[in-house]
Amino acid sequence: MWPLYGIDPNSPYGFVCGLSPVFGIVTTGVHLNIYTRDTNDIKDPKKFCIFVARRSDRKSTFPSKYDQCAAGGYQHAGGGFGEANDTTAKECLKREVKEEINGSLRAGWLEEVKEASPIQFAVLRDERWGKDFLGAPELGVKIPFDLEVKEDPIFKPNPDEVDSVEKKSVGEIVKDLLDHKFKPNSALVMIDFLIRHGCLGDISPGDVLDQMNKMLKKHAIVNDLPHWSDVKS
């Protein structure tokens, strides 16, 4: 169940997340980018290595596609769908790390993550989402978090969620993006990461990135729920 905020911000309702496109509900979720630097050239972001998760083939949506190491939507307890009650982005992130990679990160990682500007998106569902609600709008806000690690974590993926975690160069990530190997909204978060950190200098020459950045509209900070009262049109 996901929390649904309406007229009374202090009394969220619970709703099944799969029904959000039917009613045009805007969902909110978190994504964790984990990366490390080249020890021989720590200042060059084009030499970052990024850890990405391959989604389990048991997943009902986008099986075996690449994803961030941990990602998911806010949860609301009730209805037999779990007991979590996420009220902040970091609460949600902590739970997702525990559920998807079995808490593989070192102690204190939650204090080290850096939150980036949330990303607002809209897309029409096609066959990649499965057979349900084709053509319905998928509306959401993604909250990216970045975690730089000095040593490669020993990942312990939950097989129901994640098949494996792979370490990839920026060039490999770009190729996977172009080959549509990422889950769509996770691809958006990854592109945002690459742009924010200046990882694409040699891959996308000219002023293309500057133009893209000017086109991006920064979303209001999303942390404590309910958050929509803070969004400025």
By residue number, the members of the stretch 125-147 that are on the phi > 0 side of the Ramachandran plot and surrounded by 15 or more Cβ atoms within 10 Å (Cβ to Cβ) are 133
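Can we say residue 58 is surrounded by 16 or more Cβ atoms within 10 Å (Cβ to Cβ), touching a residue at least 24 places away in the same chain (Cβ under 8 Å) and not small (Gly, Ala, Ser)?
no
Search the stretch 55-77 for residues being polar (S, T, N, Q) and modelled with pLDDT of 85 or more, and hand back the single one that is nearest to residue 179 (Cα to Cα). Explain how you work it out, then say what you get.
Residues of the stretch 55-77 that are polar (S, T, N, Q), as a first pass: 56, 60-61, 64, 68, 75.
From what's left, modelled with pLDDT of 85 or more: 56, 61, 64, 68.
Values: 56: 19, 61: 18, 64: 14, 68: 17 Å.
Checking each candidate, the answer is 64.
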Using the structure shown, decide if residue 89 is more than 25 Å from residue 159 (Cβ to Cβ) and free of Cβ contacts under 8 Å to residues at least 40 places away in the same chain. no
Looking for something of a type outside the set (Gly, Ala, Ser), under 22 Å from residue 138 (Cα atoms) and either out of contact with any Asp or Glu (no Cβ under 8 Å at 6 or more places or on another chain) or modelled with pLDDT under 95 (or both) - is there at least one such residue anywhere in the stretch 78-86? yes
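Are there any helices (runs of 4 or more DSSP H) wholly within the stretch 105-196 with 3 or more residues that are under 20 Å from residue 95 (Cβ atoms), and if so which?
Working: elements: 109-112, 170-178, 184-196.
It comes to 109-112, 184-196.
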Going through the stretch 172-190 one residue at a time, which ones are closer than 9 Å to residue 65 by Cβ and touching a strand residue (DSSP E or B) at 6+ places or on another chain (Cβ under 7 Å)? 181, 182, 183, 184, 186
Selection from the stretch 155-190 of residues aliphatic (A, V, I, L, M) and over 25 Å from residue 45 (Cβ atoms) yields 162
Residue 114 fails exactly one of (1) surrounded by fewer than 20 Cβ atoms within 10 Å (Cβ to Cβ); (2) at pLDDT below 80; (3) in contact with an Asp or Glu (Cβ under 6 Å, 6 or more places away or on another chain), namely (2)
Does residue 170 meet the test of being among the β-branched types (Val, Ile, Thr) and modelled with pLDDT of 95 or more? no
Read through the list (1) without any contact (Cβ under 8 Å) to a residue 40 or more places away in the chain; (2) within 22 Å of residue 194 (Cβ to Cβ), then give the number of the only condition that residue 153 fails. (1)
If the Cβ limit is 6 Å and pairs must be 6+ apart or interchain, which residue in the stretch 17-31 that is crowded, with 21+ Cβ neighbours inside 10 Å pairs with which residue that is modelled with pLDDT of 75 or more and part of a helix (DSSP H, G or I)? 30/89; 30/92; 30/93; 31/189
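The values are calculated or read from the model by the stated rules, or taken from the named source; none is laboratory data. This is a predicted model, so every value here is computed, not measured. Using ideal geometry, Cβ is built from the backbone for each residue, glycine included, and neighbour counts are taken over all protein chains shown.
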